[in-house]
1. List the residues, sorted by chain then number, that are 5 or more residues from residue 103 or on another chain and whose placed amide H is less than 5 Å from its amide H.
2. Could you tell me how far the Cα centroid of the stretch 16-65 sits from the Cα centroid of the stretch 254-301, in Å?
3. Once phi is turned into ³J(HN,Hα) by the Karplus curve 6.51 cos²θ - 1.76 cosθ + 1.60 with θ = phi - 60°, what whole-Hz value does each residue of the stretch 22-35 show in order, with x for glycine and proline?
4. Mind putting a number on the dipole of the stretch 173-240 about its Cα centre? Charges go on the C-beta only, +1 for Lys and Arg and -1 for Asp and Glu, and I need it in Debye to the nearest 20.
5. Please list 222-231, 158-167 highest first by mean number of surrounding beta-carbon atoms within 10 Å per residue.
6. Beta carbons within 10 angstrom, averaged per residue: use that to sort the peptides 89-96, 294-301, highest first.
7. Anyone know which of 194, 52, 277 comes out most mobile in the 10 Å Cα GNM of the chain?
8. In what order do 12, 275 fall by count of nearby beta-carbon atoms within 10 Å, going from fewest to most?
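Every number here is computed from the coordinates shown, using simple stated rules; none is lab data. All values derive from a computational prediction rather than experimental measurement. Cβ: placed from backbone, ideal geometry, glycine included. Neighbour counts: every protein chain shown.
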Amino acid sequence: MRTATPPPGTPRRPFRFGINLTAASTRQAWLDKCRRAEALGYDLIVVPDHLGVLAPFPALVAASAVTERPRLATYVLNSAFHNPVLLAREVLTTQLVTGGRLELGLGAGYAKDEFDKAGIPWTGPGARVRRLTETVTRLRRILDDPRLLGWSRAVEPPPLIIGGHGDKMLRLAAEHADVVAFAGGTAGAGDLAGGDVMAERVSFFETAAGDRAASIERNILVQTVLVTSDRQRAIDTLRRRAPHLAEAQDLAELPTVLLGSPEEIAATLLARRERYGISSICVHEPAMAAFAPVIALLAGR
């Protein structure tokens, strides 16, 4: 078994917990949801970049107006949807009006139907990663010197999150990211990586990052959270809900799955941080309330 542990000398980062919020029926419902996320102890409010949900930047600006503590992240922007220069303006504006709470997540995009709906040519993964690389390069240049955009006010660049699973994406994150978001499988395909695969991906990233590895935070989006006192029943439930995962030897060991009581899940996250160095954990909105006791157990650790 190939394992991965943080490089020697890497400090063990305290946990950060994020909630992936996507939609609301009214303005008040969105604001109430963001307030609740803060009250439940979440450190990050994150919004994805898909056509069927709220647009990330205005949603995050609204969230900033009714919260004080959580950071606010795009998680992650599809680079094909955004002109780098115009995106720089959005980023600088959002960073300014949120009081410097933005974290900028970028990805290559993976949903072909969304490209089709947007009238953007669908290309192979190599071309999408090249476009993302160009976006990151141009964006970094402008964010580091907003005068290139005509801004006279200095704005602190937000931390950059780059998410992915394949070699090219992890190399890009190793070179440029402040936070690497491990996808935990093939995006859009429902193919979740097992523990050994995740360990190999972490090791690959560490090698690519070299001396930078210790300074880059590691994140993962957990796809399934089932908080229950009956762990075996949760495993059986997940097998029924996701029959394509039936061949997995132990669903509870998938890095993108959390099953069990709050205490069992907390112990799982501690063990996974020890193995993979992953300290930033995001969960989907349906798990927001159920996952809160886990946050309470691990707060400050």
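1. 72, 73, 74
2. The distance from the Cα centre of the stretch 254-301 to that of the stretch 16-65 comes to 20 Å.
3. Once θ is set to phi - 60°, the couplings for the stretch 22-35 become 10, 8, 7, 7, 9, 4, 5, 4, 5, 5, 4, 5, 5, 4 Hz.
4. 400 debye
5. Going from most to least packed, we get 158-167, 222-231.
6. 89-96, 294-301
7. Of 194, 52, 277, the most mobile in the Gaussian network model is 52.
8. Ascending number of Cβ neighbours within 10 Å: 12, 275.
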